[in-house]
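Take a look at the structure below.
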Amino acid sequence: TAAVAAVDLVKVYGRGATAVRALDGVTVGFRRAAFTAIMGPSGSGKSTLMHCLAGLDTATSGQVLLGGTDLGRQSDRVLTRVRRERIGFVFQSFNLLPQLTAAQNVTLPLDLAGRGVDREFLDHVVDALGIGDRLAHRPSELSGGQQQRAALARALVSRPEVVFADEPTGNLDSRAGAEVLGLLRDCVRTLGQTVVMVTHDPVAAAYADRVVLLADGRVAGDLAEPDRGAVT
Ligand code: ADP
Ligand code: ADP
């Protein structure tokens, strides 16, 4: 089974004459330990799809399956636990808490889950992201790119099964972007995590095993590198 999948997913915002059909019957599965890029024009439904797959938003109809479990059938309490323990999400807007240091932000999911911090892995992640010397600072004292990397570190330290990243290189210069993409690829290759990222950048997409194209709320294309054997 796919690590995470959408089955005939429909998402309508609003109602009546002003309703927007952001997702119009999306069926797509993401294999375990695969790195997928979602591309498509602005407004094609990329963010909405990621939010629904991550259990952050509820679809109008259709299913989201996480390791075979239908997220739409879970109580809010279970959903919260699933999001906390099995899913990592890197928001476009970072969503770092301003009153906490970068280090406290990064370890927050583990603290909330009452889990210990794997220091060695944490060091590896923050070093690979080049933010090891920024951890004592609050988000307001970090550049946009450093905030983005702190948000990524926060999504990775608990080693969730599936990591969703919305434009993870959007605020980064090409060198920092390459570090982020290399780390995401390592997470897939060495930790077996499933990574799904939205990007507009063809250079970023080239790091992925597969590119899913959205247009008007539908899957309009699915390009896999043949020798990496992506599955639909
Ligand atoms: P993308 O990420 O590809 O730019 P989105 O998923 O953000 O696309 O948006 C898909 C469509 O849904 C767009 O027409 C957008 O304006 C609309 N949309 C997204 N979020 C909302 C919302 N909260 N309320 C109303 N319409 C929304
Ligand atoms: P993206 O860059 O992914 O397209 P947007 O800038 O379209 O993101 O959307 C940013 C936020 O605004 C998202 O949380 C989205 O759900 C919300 N949003 C997008 N379009 C609309 C809309 N037409 N009405 C209300 N909220 C929207």
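Once fully extended, how much extra length lies between SER93 and ARG185, figured as 0.36 nm per residue of separation less the alpha-carbon to alpha-carbon distance?
Net length gain for the segment: 30.9 nm.
If you build a Gaussian network model of the chain, linking Cα atoms that sit under 10 Å apart, which residue out of VAL20, VAL64, VAL125 swings the most?
With Cα springs under 10 Å in the chain, the top fluctuation among VAL20, VAL64, VAL125 is at VAL20.
P(r) of the chain in 5 Å steps, Cα pairs, percent per bin?
Binned Cα distances yield the sequence 1, 7, 15, 19, 20, 17, 12, 7, 2, 0, 0.
Can you tell me what percent of all Cα-Cα pairs in segment 151-196 are more than 17 Å apart?
Counting pairs separated by more than 17 Å, the tail of P(r) holds 25 percent.
Based on other C-beta atoms within 10 Å, arrange SER158, SER143 from fewest to most.
By the 10 Å Cβ count, ascending, the order reads SER143, SER158.
Tell me, in nm to one decimal, what length is gained between THR60 and ARG159 on full extension, where the rule is 0.36 nm per residue of separation less the Cα-Cα distance?
32.7 nm
Only bridges whose two residues both fall in the chain count here: according to DSSP, what percent of them are antiparallel, nearest 5?
Once the DSSP bridges in the chain are tallied, antiparallel ones form about 55 percent.
If you take the charge dipole of segment 168-220 about its Cα centre, with +1 on Lys and Arg Cβ and -1 on Asp and Glu Cβ, which of VAL188, GLY177, VAL198 is farthest toward its positive end?
After comparing all options, I get VAL188.
Answer rounded, prolate or oblate for segment 83-182, using the Cα gyration tensor with square roots of eigenvalues a ≥ b ≥ c: rounded when a/c is under 1.5, else prolate when a/b is larger than b/c, else oblate.
Rounded shape, in that the Cα axes give a/c under 1.5.
Charges only on Cβ, +1 for Lys and Arg, -1 for Asp and Glu: so what's the dipole of the chain about the Cα centre, in debye to the nearest 20?
It comes to approximately 560 debye.
Just so you know, all these numbers are worked out from the coordinates, no wet-lab data involved. These numbers were taken from a predicted model, which means no experiment stands behind them. When we count neighbours, we look across all protein chains shown, and the Cβ atoms used for this are built from the backbone with ideal geometry, even at glycine.
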